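To keep things clear, I will list the structure first and then write my remarks on it.
Each value in this text was obtained by applying a stated rule to the coordinates, not by laboratory testing. Given the structure is predicted, the values throughout are model-derived calculations rather than measurements. Counting neighbours? That spans all protein chains shown, and the Cβs are built from the backbone with ideal geometry, glycine included.
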Amino acid sequence: MLKIAHLMVKRHHKTIIHDLNVEIPPASCTLFCGDDTSGVKELLACLAGIQEYQSGQILWEEQPLQKMDVAYASGNGSVFIEQTILAYGKFLAQFYPAFSLTIYQQLLHTCHLDAAKRIYRLQREERAILEIIAAYATQCPLMIFDDVVSSLSLKKWQFLWQECLTLGHVPTLLLGCKEEHEAKAMADNIFYLQDGQLLVQPLSKETMTEEMAKHEDIQEKNIQEPSGRLFDEKGWDDDETDW
């Protein structure tokens, strides 16, 4: 279990997160939603170990969370664009003992990403896919995707994550989005943050499904397992246009 207790985070001497308390069960998918002033990005950065917090605790299985237990993808250029896709995977393997190059290459093949291709030639959606694949291949118990899934439609995100999970590793997954995204259809819980505080208690998956049916015109066919391929030999399927 991931436990965040009495967390306080400051940015430029201004308190961004105030006494935040959250518990997230293992092997679950949780969405944190909020704008640039909400504290979502700062919270996820603290969990990833790339930003300091002023007070409180972040515990994983009742022990302080270690940076090596977390795979973090931010979608803001964290992928080294001059490298080939394969070189990027080999680079990560040096820092994550459990990194599986086999899993990495298998998912690349599933998504028809050419391992020899330079990362800077990838489209935005393809780069998001690459970051998710790379994070999953680390086999870390906690994975954080901050504003990465926003680049994908629900169908593509669902397809890719299901392909990942078929390979056996089931991490605790945290998603960060500036705005509400269709990805909440796959979330077990969703937290709304505003000015560093929780607006409401987390919604259950059942409640979220009901709300989506009422307010978002997302049909059942869009959240079921895709029957056709979302990728062709060039990457994305030309017939799949709902970016």
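Summary table
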read-out	value
125, 131, 82 arranged by Cβ crowding within 10 Å, fewest neighbours leading	82, 125, 131
Cross-link table 41/90; 67/178; 14/117; 14/90; 67/184, entries beyond 31 Å C-alpha to C-alpha	14/117; 14/90
Only Lys, Arg (+1) and Asp, Glu (-1) charged, at Cβ; the range 1-143 dipole about Cα centre in debye	420 debye
Förster radius 30 Å - calculated FRET efficiency between residue 162 and residue 23, Cβ distance, rounded to 0.05	0.70
Neighbourhood net charge (12 Å Cβ-Cβ; Lys/Arg +1, Asp/Glu -1) for residue 73	-2
Cα-projected label distance for residue 98 with residue 8, points at 7 Å along beta-carbon direction, nm	3.4 nm
Local electrostatic count at residue 38 - Lys and Arg +1, Asp and Glu -1, tallied over other residues with Cβ under 10 Å	-2
Karplus-derived HN-Hα couplings along the range 4-10 (A = 6.51, B = -1.76, C = 1.60, θ = phi - 60°), whole Hz, x at Gly and Pro	10, 10, 6, 6, 10, 10, 10
DSSP bridge pairs, the range 2-222: antiparallel proportion in percent, nearest 5	50 percent
